[in-house]
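The values are calculated or read from the model by the stated rules, or taken from the named source; none is laboratory data. Quantities reported herein were computed from a predicted structural model and do not represent experimental measurements. Ideal geometry is used to build each Cβ from the backbone, glycine not excepted, and the neighbour counts take in all protein chains shown.
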Amino acid sequence: LPTLLIDHAHCEKKAASTAVRFLFKYPEWDSLCAAMGRLGREELLHFDLVRRELHRRGVSFRGLSASGYAAALFGASEPTRLDEMICCALIEARSHERFLRLAAAAPDAGLRSFYARLAEAEARHGDVYLALAAECGAVDARLAALVAAEGEIVARPGLPLRMHSGG
Ligand SMILES: [Fe+2]
Ligand SMILES: [Fe+2]
């Protein structure tokens with residue numbers, strides 16, 4: 001549980017940092033900037049909430065090796081805005097799926113409701129990125145290709161056990 005929460009805190013921090021990175025990368029893309037301003041703030045709020053759960057359990061936040069999941073997913077994508085937005089949508093959707101499972105399986109009621117609340121947010125974030133993807137071009141074919149790649153990556157053996165890896 002401590003490793004799970006530490007990894008989760010890093011995920012929220014990374015999600016916030018990705019949103020801010022897009023603000024720098026695409027300053028002229030108005031709808032993206034509006035969406036990323038909101039999303040970045042919400043992800044940082046999630047980071048604070050996970051840190052509070054760590055404190056509550058007496059666990060110190062620390063560095064943790066990455067699973068390589070996101071890097072592998074972006075590595076399987078094409079260097080287009082469309083693929084970039086779809087990859088982010090898939091990461092959010094996978095978070096949603098993992099949080100739903102944690103909402104059912106976490107060892108105490110507080111943590112179960114915590115993950116149920118966060119699952120709702122991650123589902124919404126997936127839709128935000130999909131809407132941005134739809135502004136870039138035809139989504140369906142690239143979404144199908146990247147869903148297949150993501151499914152293989154998330155189940156890939158040998159990655160360290162993290163929120164988005166470990167089969
Ligand atoms: Fe989040
Ligand atoms: Fe998110």
Completion exercise
Of the conditions (1) in contact (Cβ under 8 Å) with a residue 24 or more places away in the chain; (2) within 18 Å of ASP7 (Cβ to Cβ); (3) assigned to a loop (DSSP other than H, G, I, E, B), the single one that GLY158 does not satisfy is (1)
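Kindly establish whether LEU39 is crowded, with 17+ Cβ neighbours inside 10 Å, within 16 Å of ligand 2 (Cβ to nearest atom) and either of a type in the set (A, V, I, L, M) or modelled with pLDDT of 95 or more (or both). Steps first, please.
On the way: crowded, with 17+ Cβ neighbours inside 10 Å: yes; within 16 Å of ligand 2 (Cβ to nearest atom): yes; either of a type in the set (A, V, I, L, M) or modelled with pLDDT of 95 or more (or both): yes.
Spelling it out, LEU39 is indeed crowded, with 17+ Cβ neighbours inside 10 Å, within 16 Å of ligand 2 (Cβ to nearest atom) and either of a type in the set (A, V, I, L, M) or modelled with pLDDT of 95 or more (or both).
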Completion exercise
Being away from ligand 1 (no atom under 16 Å from the Cβ), basic (Lys, Arg) and without any contact (Cβ under 8 Å) to a residue 24 or more places away in the chain narrows ARG56, ARG21 down to just ARG56
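Collect the residues in segment 30-53 that are away from ligand 1 (no atom under 16 Å from the Cβ) and in contact (Cβ under 8 Å) with a residue 40 or more places away in the chain, keeping them in residue-number order. Even if it seems obvious, please write down each step before you answer.
Let us first name the residues in segment 30-53 that are away from ligand 1 (no atom under 16 Å from the Cβ), namely 30-34.
Hits for segment 30-53 are SER31, LEU32.
Being among the acidic types (Asp, Glu) and either part of a loop (DSSP other than H, G, I, E, B) or closer than 18 Å to ILE91 by Cα (or both) is the filter here; which residues of segment 13-47 pass it? Outline the logic, then answer.
First, the residues of segment 13-47 that are among the acidic types (Asp, Glu): 28, 30, 42-43.
The answer is GLU28, GLU42, GLU43.
Right, SER77: touching a Ser or Thr at 6+ places or on another chain (Cβ under 6 Å) and either of a type in the set (Gly, Ala, Ser) or assigned to a helix (DSSP H, G or I) (or both) or not?
On the way: touching a Ser or Thr at 6+ places or on another chain (Cβ under 6 Å): no; either of a type in the set (Gly, Ala, Ser) or assigned to a helix (DSSP H, G or I) (or both): yes.
Against the criterion (touching a Ser or Thr at 6+ places or on another chain (Cβ under 6 Å) and either of a type in the set (Gly, Ala, Ser) or assigned to a helix (DSSP H, G or I) (or both)), SER77 does not qualify.
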Practice task
Name the single residue, out of those in segment 134-143 being in contact (Cβ under 8 Å) with a residue 12 or more places away in the chain and in a helix (DSSP H, G or I), that is surrounded by the most Cβ atoms within 10 Å (Cβ to Cβ).
Solution key: ARG142
Completion exercise
Considering segment 6-18, residues that are in contact (Cβ under 8 Å) with a residue 40 or more places away in the chain and not charged (D, E, K, R), and then whichever is farthest from ligand 2 (Cβ to nearest atom), we arrive at ILE6
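Looking at segment 144-162, which of the residues that are of a type outside the set (Lys, Arg) and surrounded by 18 or more Cβ atoms within 10 Å (Cβ to Cβ) is modelled with the lowest pLDDT?
First pass over segment 144-162, keeping only residues of a type outside the set (Lys, Arg): 144-155, 157-161.
Right, trim to surrounded by 18 or more Cβ atoms within 10 Å (Cβ to Cβ) and you get 146, 150, 153-154, 159.
On the way: LEU146: 98, GLU150: 97, ILE153: 94, VAL154: 92, LEU159: 81.
The residue in question is LEU159.
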Problem - Residue within segment 126-133 that is part of a helix (DSSP H, G or I), on the phi < 0 side of the Ramachandran plot, among the hydrophobic types (A, V, I, L, M, F, W, C) and touching a His at 6+ places or on another chain (Cβ under 8 Å) present - result: no
Practice task
Return yes when SER77 is modelled with pLDDT of 95 or more, surrounded by 18 or more Cβ atoms within 10 Å (Cβ to Cβ) and within 16 Å of ligand 1 (Cβ to nearest atom) and no when it is not.
Solution key: no
